[in-house]
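Report on one structure; see the data block that follows.
The values are calculated or read from the model by the stated rules, or taken from the named source; none is laboratory data. Quick caveat, the model's predicted, so the values are computed rather than measured. Note that each Cβ is placed from the backbone with ideal geometry, even for glycine, and that neighbours are counted across all protein chains shown. Only protein heavy atoms, including side chains, enter the accessible area calculation; ligands, DNA and RNA are left aside. Shrake-Rupley method; radii C 1.70, N 1.55, O 1.52, S 1.80 Å.
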Amino acid sequence: MPPSSSSPASVSASASGAAPVIVWFRDDLRLADHPALSHAVASSGAPVLCLFVHDPRTAPSGAAQWWLHGGLCALRDDLSRMGATLHVVRGDATVLVPRLAQQAHAAQVVWNRRYDPQGRETDTTIKAALKQDGVAARSFAASVMHEPWTVRTRAGDAFRVYTAWWRAARAMGDPPPPLPAPGQIAGAGTPDGWRAECVGIDALGLLPVAPDWAAGLRATWHPGEAAARARLHEFVHDDMAGYATARDRPDLPATSLLSPALHFGHVSPRQVWHAAVCDGDGAAGTEDHAKFLAELGWRDFAVSLLYEQPELVRSNFRTEFDAMPWRDDARDLRAWQQGRTGYPIVDAGMRQLWQTGWMHNRVRMIVASFLTKHLLMDWRVGEGWFRDTLVDADIASNVVNWQWVAGCGVDAAPYFRVFNPVLQGKKFDPDGTYVRRWVPELAHLPASRIHCPWTCGPAEAPRGYPAPIVGLDEGRARALSAWRGLSGAT
Ligand SMILES: Cc1cc2nc3c(=O)[nH]c(=O)nc-3n(C[C@H](O)[C@H](O)[C@H](O)COP(=O)(O)OP(=O)(O)OC[C@H]3O[C@@H](n4cnc5c(N)ncnc54)[C@H](O)[C@@H]3O)c2cc1C
């Protein structure tokens, strides 16, 4: 259904007399701490046209599409309560945004900035087109705590080492406090020219049908600003204590689970920061608190690395890895994707990902190490699978973390540090609770065997669970030999 213009609280553009301001929503699906929206609402009574463009070139894929559907529905409802309509259109934003601005006789188009290579290119093109048409365009900082160009070395260069970047970012003080949500929005009626372009959210086809594989996502997540704010509140009050040590334990509910909400902008990093600093009961200044803020910092650092070197999306930062003899083995790749490698912690992680669209950070590192080292497969293959299956799939965090684990990235873990999935399992899932949850074939095994089921006697041996697809020593030796063959490997 095209959006209705008859919302009782809406003020039509012609009724108010002022030219409307278009707020273009993208990865900022919220009302609070939304500088572009706040600016539009404060623009001397001009009616506000809220716009979302579903552009296939920048649209998410797989599980993240499911999230986007829920996030858009929540935003539409939240805006409607404030008196505004979310207008959804589909197509090339570089064509649509200037055209819609003209049709609406808009005075301004405002948005919050994106920093990824494709988003920046699109925004630059649109800004130029609007300027040519005599429509003002203004952008704001909203999705990071520190914009990439603001944290610099003394010489004015970009940082390449996270600890140094983080020290410099901390020295800049707390990020600015978040803005409140506007009280009421003077929404504009749908301009005539827009009616033919606007579609309902369902028409975007973001939900999976035949097969509907999203049952696990529905059971796990609630997209939208209200749910994100509730989870943030719960985390800082109830769960942040113990974060510094428990965050590495996939068997414990110890992390914030805010990554998809941060990715889609239901909550801003500034809101998370200030909630952690001001609301965390007694946590401020503790190790838990410091560790949590530092993890949030990694998100900004990843954004800034990709901003400085957009080619990292596809290319190794350490170019000696260009000669890595990556294997191309469809059978091993399928076993990894399906959680049937024979290594319980790897398989638990990959099945958690498939069913819920999310995986614990420690386990992301273990499965990424297993793919790029024990299976000697290109990090880009794993990054692509994560991009399709994660609800928090984020180009900067995904690429930077994959390159980090694979040893070819900025400030990366050395390639020769090969995670042993058995030891990692025993250390971070000591009772096997995580494995039991996601790999039911192993649920009957005692903690002493659950991370190495091949050591079971015949009576205990799990049925239907595969033998390891590669030996631990064999995979490690193959990886290290390939790596030693690279010139410049250190
Ligand atoms: C191979 C690999 C791929 C990854 N891909 C993504 C991705 O596509 N999208 C994504 O958001 N995160 C990614 N991460 C980072 C991290 O795993 C998730 O951000 C984290 O697990 C989210 O859970 P949480 O919200 O409970 O985190 P918390 O521990 O509660 O941390 C709070 C927030 O800090 C940020 N954060 C924490 N760790 C990292 C990190 N290592 N890098 C960047 N930001 C971080 C996230 O925004 C997170 O929500 C990846 C990590 C690895 C090892």
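Here is how the numbers come out for the structure above:
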quantity: Acute angle (nearest 10 degrees) that the helix 162-171 long axis makes with the longest principal axis of the chain, alpha-carbon atoms; calculated: 40
quantity: Loop-located trypsin sites (Lys or Arg not before Pro) in the stretch 455-490 whose Cβ has at most 10 other Cβ within 10 Å (DSSP); calculated: ARG463
quantity: Cα pair distances of the stretch 7-143 binned at 5 Å [whole percent]; calculated: 2, 10, 21, 24, 23, 13, 6, 2, 0
quantity: Carbon/sulfur fraction of accessible area - the stretch 7-143, other protein chains in place, 1.4 Å, %; calculated: 51
quantity: Cross-link partners of LYS427 among aspartates and glutamates (Cα-Cα below 13 Å; sequence separation of 8 or more within a chain); calculated: ASP248, ASP251
quantity: The stretch 92-215, relative contact order [Cα under 8 Å, separation at least 6], %; calculated: 25
quantity: Accessible area in square angstrom per residue, the chain, 1.4 angstrom probe; calculated: 41
quantity: Vicinal HN-Hα couplings computed from phi for the stretch 130-147 (Karplus, 6.51 cos²θ - 1.76 cosθ + 1.60; Hz; Gly/Pro x); calculated: 5, 4, 4, 7, x, 9, 6, 10, 9, 10, 9, 8, 8, 9, 9, 7, 10, 5
quantity: R0 of 25 Å, Cβ-Cβ distance THR163-GLU311: FRET efficiency to nearest 0.05; calculated: 0.55
quantity: The stretch 308-407, accessible surface, carbon-and-sulfur percent (1.4 angstrom probe); calculated: 49
quantity: The chain - percent relative contact order, Cα under 8 Å, separation 6 or more; calculated: 17
quantity: Rounded to 10°, Cα long-axis angle of helix 379-389 versus longest principal axis of the chain; calculated: 60
quantity: Pairwise FRET efficiency - VAL95 versus ALA215, Cβ, R0 = 35 Å, nearest 0.05; calculated: 0.40
quantity: Residues of the stretch 279-319 with amide N under 16 Å of a point placed 7 Å along Cα→Cβ from SER139; calculated: 303-310
quantity: For the chain, alpha-carbon Rg over 2.2 N^0.38 Å; calculated: 1.04
quantity: 222 nm mean residue ellipticity, helices alone, for the chain (DSSP H n ≥ 4; -39,500 (n - 2.57); rounded to 500); calculated: -12500 deg cm²/dmol
quantity: FRET efficiency for THR245 and ASP192, using Cβ-Cβ distance with R0 set to 60 Å, rounded to 0.05; calculated: 0.50
quantity: Spacing of the two label points (7 Å from each Cα toward its C-beta) at ARG334 and GLN184, in nm; calculated: 6.1
quantity: Under 13 Å from the THR433 label point (7 Å along Cα→beta-carbon), backbone N, the stretch 211-248; calculated: 246-248
quantity: Spin-label model distance (nm) - ALA128 vs ALA19, 7 Å beyond Cα toward Cβ; calculated: 2.2
